[in-house]
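The values are calculated or read from the model by the stated rules, or taken from the named source; none is laboratory data. Not measured: the values here are computed from a predicted model. For neighbour counting, all protein chains shown are included, and Cβ atoms are generated from backbone atoms with ideal geometry for every residue, glycine included. These accessible areas exclude ligands, DNA and RNA; they are computed on the full protein's heavy atoms, side chains included. Shrake-Rupley method; radii C 1.70, N 1.55, O 1.52, S 1.80 Å.
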Amino acid sequence: MWASLKNYDFYKQIPADFRIQTKGGGTISMLAALFMTILFTLELWSFVAGYESTTIVVDQDSATSIWVNFNTTLPATHCDHISVDVEDMLGTNVMDIQKNIDKIPLDETGAELPDLDHSHHHAAPDGHVSEEENLVANEGLKNENYEATVLGKDTFNKYVESHEWVFIYFGASWCHWCQKLDPIWKAAGEVLKNRGAAISLPKVECTKDTALCQEHQVHALPTIQLFHNGHLVPPNYRGPRTVNDLVHFAENAALSKAKAEEAQVANKGKTRNDVGCSVSGHLLVHRVPGSIQFSVKSGEHNFNREHINFTHVVHHFSFNSVPESWEEMLAVMEDESHRSLVSKWYGRVFQSPKDHVVHEHYLKVVQSQLKPLGLASEKQVYEHTISSHSYVSEQLAHVRFHYDLSPMQVVKQWIRRPFYEFITNLLALIGGTFTVMGIVNEAYNGIVAKAAIGKLG
């Protein structure tokens, strides 16, 4: 029986005496071995890495909220009155959010500046200006004994340089809050004059001297600034606007200068060092269509809309599921691979070439579930498309990010091929390479043989 098995031999042997080794055959064999090694490596890598399978299913996520992460630069808007607002289809309407929001002043080069301490702008002690002094001041106003000095473009620099301390109010006749401040400002000036204080309280009318107010970056009215020997003492006054408070602050002007010097931001010029603002943070929003808006708001100011410029740079804008801890949130945000996957902005710049330009960004958000091979954990990420539009509006300039979450979910799963498929492909690659190189070798030997007997031509 064993002797009859040779009748079924597929791999019949050729006697060694009939085998001839040639240099050409050796070269082709080495090339065959190289090709086999390369193809084996690629096939093995393909098997180990697996392949990506993408399916679309109805979103099954039961979460009711998601995080929105952003980092933007507003190079032409001060931080003073920037408001971050959220609205959505459930009726949420939250204005001027402060929690988890950072606003950092920027100079004209984009470098960060310290956020100046204005805690000393708090309300003055009751009775700092007595009732009797108030009565005398109001009587003086009726008799027109005191009238605030009005500075213009031609007189401003000379005035602030010739007085040691100057407390200046920038206003406009059309401004509601300026109309309320006018009599208070005059009364405070009358009190300081009666006390013999070494500080004056002039006024700048921005309706007439628009260029002067723009030079001093007066975007909100009224704006009140302190000058010492011709130099601006930051920050702008933010305290209460009563006679008692204004007189108290003016008489303690040296404290503002000391705090500015302590923060190493003492101003050497007549205008503010900070011209822009970096706004970044995280917001928890409902998983429904909504919008996030950057605008200027104040309950005590009117804004000169001619000077509001919302040119902006979006460095990052993304969405992610609510993490179990704040540390997990920070880890996600610091993961560069994750950031590049979920945010497509990459520092895009949106210019406001004209006044009253409103910027609208529309984001279509799709949740993706990533299922990697092996023991790596699954990830839930939110990718989005971007469509932006800018236009001139009668509204105050602002930036609005509209977001809408898709009801569909993308499932990206990495799958490893069956092992039998890997073996089949591997044998096919090796066998195919061996066969093809054998044909090449036969053709080469035939050419060499014909050349040897002179029949090549």
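Out of Met30, Met36, one residue alone is assigned to a helix (DSSP H, G or I) and open to solvent by 70 Å² or more (accessible area, probe 1.4 Å). It is Met30.
For the range 305-322, check the following and say yes or no: at least one residue is within 30 Å of Ile199 (Cβ to Cβ), out of contact with any Lys or Arg (no Cβ under 7 Å at 6 or more places or on another chain), of a type outside the set (Lys, Arg) and at pLDDT below 85. Checked the range 305-322: at least one residue is within 30 Å of Ile199 (Cβ to Cβ), out of contact with any Lys or Arg (no Cβ under 7 Å at 6 or more places or on another chain), of a type outside the set (Lys, Arg) and at pLDDT below 85. Which condition breaks for Phe70 when tested against (1) modelled with pLDDT of 90 or more; (2) assigned to a helix (DSSP H, G or I); (3) not small (Gly, Ala, Ser)? Unmet for Phe70, out of (1) modelled with pLDDT of 90 or more; (2) assigned to a helix (DSSP H, G or I); (3) not small (Gly, Ala, Ser): (2). Could you run through the range 278-299 and say how many residues are within 14 Å of Ile82 (Cα to Cα) and assigned to a loop (DSSP other than H, G, I, E, B)? Final tally of qualifying residues: 3. In the condition set (1) crowded, with 17+ Cβ neighbours inside 10 Å; (2) within 23 Å of Phe227 (Cα to Cα); (3) at pLDDT below 75, Glu147 is compliant with all but (1). In the range 391-426, which residues are in a loop (DSSP other than H, G, I, E, B) and either open to solvent by less than 60 Å² (accessible area, probe 1.4 Å) or closer than 24 Å to Ile292 by Cβ (or both)? Across the range 391-426, the qualifying residues are Ser393, Glu394, Gln395, Leu396, Ala397, His398, Arg417, Pro418. Contact map, the range 203-222: residues that are in contact (Cβ under 8 Å) with a residue 24 or more places away in the chain paired with residues that are of a type in the set (Gly, Ala, Ser) and open to solvent by less than 30 Å² (accessible area, probe 1.4 Å), Cβ distance under 6 Å, separation 6+ or inter-chain. Pairs shown: Lys203/Ala148; Cys206/Ala172; Thr207/Ala172; Asp209/Gly152; Leu221/Gly171; Leu221/Ala172; Pro222/Gly171.
Would you please name the residue that is surrounded by the most Cβ atoms within 10 Å (Cβ to Cβ), looking only at residues in the range 316-325 that are hydroxyl-bearing (Ser, Thr, Tyr) and more than 14 Å from Phe401 (Cα to Cα)? Only one residue tops the list, namely Ser321. Taking the criterion of being of a type outside the set (Asp, Glu) and either open to solvent by 80 Å² or more (accessible area, probe 1.4 Å) or part of a loop (DSSP other than H, G, I, E, B) (or both), the residues of the range 163-194 that qualify are His163, Ala172, Ser173, Trp174, Cys175, His176, Gln179, Lys180, Lys193, Asn194. Considering only residues in the range 294-315 that are crowded, with 18+ Cβ neighbours inside 10 Å and of a type outside the set (A, V, I, L, M, F, W, C), the one that is nearest to the chain's Cα centre (by Cα) turns out to be His312.
Looking across the range 39-63, the residues that are in a helix (DSSP H, G or I) and out of contact with any helix residue (DSSP H, G or I) (no Cβ under 7 Å at 6 or more places or on another chain) come down to Thr41, Leu42, Leu44, Trp45, Ser46, Val48, Ala49.
Restricting the search to the range 353-366, which residues are modelled with pLDDT under 90 and either open to solvent by less than 60 Å² (accessible area, probe 1.4 Å) or in a strand (DSSP E or B) (or both)? Selection gives His356 alone.
Yes/no per residue for (1) under 31 Å from the mean Cα position of the chain (by Cα); (2) within 26 Å of Glu108 (Cβ to Cβ); (3) at pLDDT below 90:
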residue: Leu246; (1), (2), (3): no, no, no
residue: Ala260; (1), (2), (3): yes, yes, yes
residue: Ala266; (1), (2), (3): yes, yes, yes
residue: Asn273; (1), (2), (3): yes, yes, yes
residue: Ser278; (1), (2), (3): yes, yes, no
residue: Leu283; (1), (2), (3): yes, no, no
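In summary, His384 fulfils each of the numbered conditions (1) touching a Lys or Arg at 6+ places or on another chain (Cβ under 7 Å); (2) surrounded by fewer than 19 Cβ atoms within 10 Å (Cβ to Cβ) with the single exception of condition (2).
Consider the range 206-251 and keep the residues that are in a loop (DSSP other than H, G, I, E, B) and farther than 19 Å from Phe156 by Cβ. The one that is most open to solvent (accessible area, probe 1.4 Å) is Arg238. Scanning the range 84-105 for residues that are within 25 Å of Arg272 (Cα to Cα) and part of a strand (DSSP E or B), we see that the one that is modelled with the highest pLDDT is Val84.
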